[in-house]
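Input: a single structure, listed below in structure tokens.
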Amino acid sequence: MRGILRSFFLIINYKTLLVTALAVLSSYLCFKYGLTAKFPDMLVGVAIVFPVVFSIGSAYNRRELALQRFSDFKGNAIAVYYASRDWTSDKNNDLPQRIRVLVGEMVVIMRDMFKTHHHGNWQENERKLYACFSALSQLTMEMRKFGVQSGEISRVSQYVNRMIIAFDNIKIIHAYRTPITLRAYSKVFIYIFPIIYGPYFASTFREYSANLEYVMPILYSFILVSLDNIRDHLEHPFDDVGEDDIRFDESDIVAHMH
């Protein structure tokens, strides 16, 4: 029950209450001063719902792609660890432990990077991460000293290469979101629509029983702003705020390295 309430309050927030209050006030004033009009209902779907649903679908696809790339990163990191543990003929070395610690540090840096929006310590964290990739590559070269053949080391280097590509893909997904102009357009209409539709809501007041006149402006406001909140949470899947966010958990990866 607590989880359901937490999810509910993520999409019903102060913006929902503010827009709802303005929609109710607009409807009341229009009814009081006789400003009524019959606006077409299809305008809501064409101008607002369709762009918002399109944005939600695009944001969801970005999140799914980011999950796949993080899975690629995790799988190749574990493969590098297993190679350092199992492919060496001389087991008297600490390569697996050093790789495990290094991969854990890389996941922590990635989590710190993607929580931000290209400001703060972004460039510093990116330099740290590429330094970790360099250190990981050097560790794979050390495997030659412990009996690993050159062909097998080349294969391990490919695992490191795939980790770098997976990280770069996640970075691009983080940087390039759904169209900014489309999001700006839909936000403007979402927040002003319940207000400018006050004459339409006022024209329907006599069609409802007493105390039910404001049901429509309240429902419209809740639905539209909630859709926008859902889109915002999917648009930022790395900020560790929404229920559907991507979790960069270093302990989950390190747990498989034994």
Name the residue farthest towards the positive end of the dipole of the chain from the options Ile173, Val156, Tyr191, assuming +1 on Cβ of Lys and Arg, -1 on Cβ of Asp and Glu, about the Cα centre.
-> Tyr191
State, as an integer percentage, the relative contact order of the chain based on alpha-carbon contacts under 8 Å between residues 6 or more apart.
-> 42 percent
Cα axis of helix 122-142 to longest principal axis of the chain: angle in degrees, 0 to 90, nearest 10?
-> 30 degrees
Within the stretch 1-90, report the trypsin sites (Lys or Arg not before Pro) that DSSP leaves as loop and that have at most 15 other Cβ atoms within 10 Å.
-> Lys38
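Using DSSP to call loops (not H, G, I, E or B), can you name the chymotrypsin sites (Phe, Trp or Tyr not before Pro) in the stretch 145-250 whose Cβ has at most 15 other Cβ atoms within 10 angstrom?
In loop regions of the stretch 145-250 (DSSP not H, G, I, E or B), the sparsely surrounded chymotrypsin sites (Phe, Trp or Tyr not before Pro) are Tyr176, Tyr208.
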Using only Cα atoms, find the angle between the long axis of helix 150-175 and the longest principal axis of the chain, and express it within 0 to 90 degrees, rounded to the nearest 10.
-> 20 degrees
For the stretch 75-177, the accessible surface attributable to carbon and sulfur atoms (probe 1.4 angstrom, ligands and nucleic acids excluded) amounts in percent to 48 percent
In what sequence, highest mean first, do 107-116, 136-145 appear when ranked by Cβ atoms within 10 angstrom?
-> 107-116, 136-145
Going by accessible area, probe 1.4 Å, with all protein chains left in place, what is the ranking of Trp122, Trp87, largest first?
-> Trp87, Trp122
So what is the accessible area of the chain per residue, in Å², with the probe set to 1.4 Å?
-> 53 Å²
Estimated FRET transfer efficiency when R0 is 30 angstrom, pair Tyr208-Thr181 (beta carbons, to 0.05) | 0.20
Return the loop-located chymotrypsin sites (Phe, Trp or Tyr not before Pro) in the stretch 1-51 (DSSP other than H, G, I, E, B) with at most 15 other Cβ atoms within 10 Å of their own Cβ; answer none if there are none.
-> Tyr33
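The values are calculated or read from the model by the stated rules, or taken from the named source; none is laboratory data. The shown structure was predicted, so the numbers you read here are calculated from the model rather than taken from an experiment. All Cβ positions, even for glycine, are placed from backbone atoms using ideal geometry, and neighbour counts span all protein chains on display. Heavy atoms of the whole protein, side chains included, go into the accessibility calculation; ligands, DNA and RNA do not. Shrake-Rupley method; radii C 1.70, N 1.55, O 1.52, S 1.80 Å.
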